[in-house]
Amino acid sequence: MTPSPLLRVVLFEPEKAGNVGNVARTCAVLGAELHLIRPFGFHLHDREFRRAVMDYLEGVTLHEHANWTAFQAALEPDARVWAFSTHASTLYTRAGFQRGDYLCFGPESRGLPTWLREGLSALKLPQPGGGRSLNLSVAVGAAAFEAGRQIEGW
């Protein structure tokens, strides 16, 4: 039996090739899977995506899903999916992450839709200086490294 990956990062309808490329690099470094849920705002063959991901894509297990329903159908029965949103009230540092958890992030321009995040455990990253939201790849990096710290004790 193959062990679960450290984490699984999920990008729901990502819009920016550069952000997805940077997230893929983070996944490669952490040994995390990357799940992309269509539609995308770019093509995986875009030059911007290839430039951002560099040669790290070879080290990433990449899954593409036609839509949210297809993603849900692929989940294990006991899967834990965490939604990241500026609308959440629980800080991500209090989540109690476990190996194999899914960390789900919404599109850059609008975040996760209400219907999706309300069906999941929602977490937020603190933004004490204000602003609308963090860059997607920065948010994924912060959350994924915190989850790794909790799971592996770095």
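For the chain, report the accessible area per residue in Å² (1.4 Å probe, heavy atoms, rounded to an integer). Please list the in-between numbers first.
Values: 8160 Å² over 154 residues.
On a per-residue basis, the chain sits at 53 Å².
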Karplus 3J(HN,Hα) series, Hz, for segment 58-74 with 6.51 cos²θ - 1.76 cosθ + 1.60 (x for Gly, Pro): 4, x, 10, 7, 10, 10, 10, 10, 5, 5, 4, 4, 5, 4, 4, 5, 8
Extended-chain gain in nm, criterion 0.36 nm per residue less alpha-carbon gap, Arg132 and Glu118: 3.0 nm
Interchain or long-range residues, amide H under 5 Å from Leu123's placed H: Ala83, Phe84, Ser85
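Compute the Rg/Rh shape ratio of the chain: radius of gyration over Kirkwood radius, all on alpha-carbon atoms. Present the calculation step by step, with values, prior to reporting the outcome.
Values: Rg = 14.4 Å, Rh = 15.5 Å.
Result: Rg/Rh = 0.93.
Cβ neighbours within 10 Å, averaged per peptide: list 53-65, 70-82, 139-151 in order, most packed at the top.
Values: 53-65: 14.6, 70-82: 12.9, 139-151: 19.8.
Result, highest mean Cβ count within 10 Å first: 139-151, 53-65, 70-82.
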Sulfur and carbon atoms: percent of accessible area, segment 85-139 [1.4 Å]: 47 percent
MRE, 222 nm, helices only [DSSP H, n ≥ 4, -39500 (n - 2.57), over the chain, to nearest 500]: -9500 deg cm²/dmol
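How high is the relative contact order of the chain, in percent, counting Cα pairs under 8 Å that sit 6 or more residues apart? Mind showing how you got there, number by number?
Working: 279 pairs, mean separation 44.7, N = 154.
RCO, the chain: 29 percent.
The values are calculated or read from the model by the stated rules, or taken from the named source; none is laboratory data. Note that the structure is predicted; figures quoted are calculated from it, not measured. Glycine also receives a Cβ, built like all others from the backbone with ideal geometry; neighbour counts cover every protein chain displayed. Surface areas here come from the heavy atoms of the whole protein model, side chains and all, with no ligands, DNA or RNA. Shrake-Rupley method; radii C 1.70, N 1.55, O 1.52, S 1.80 Å.
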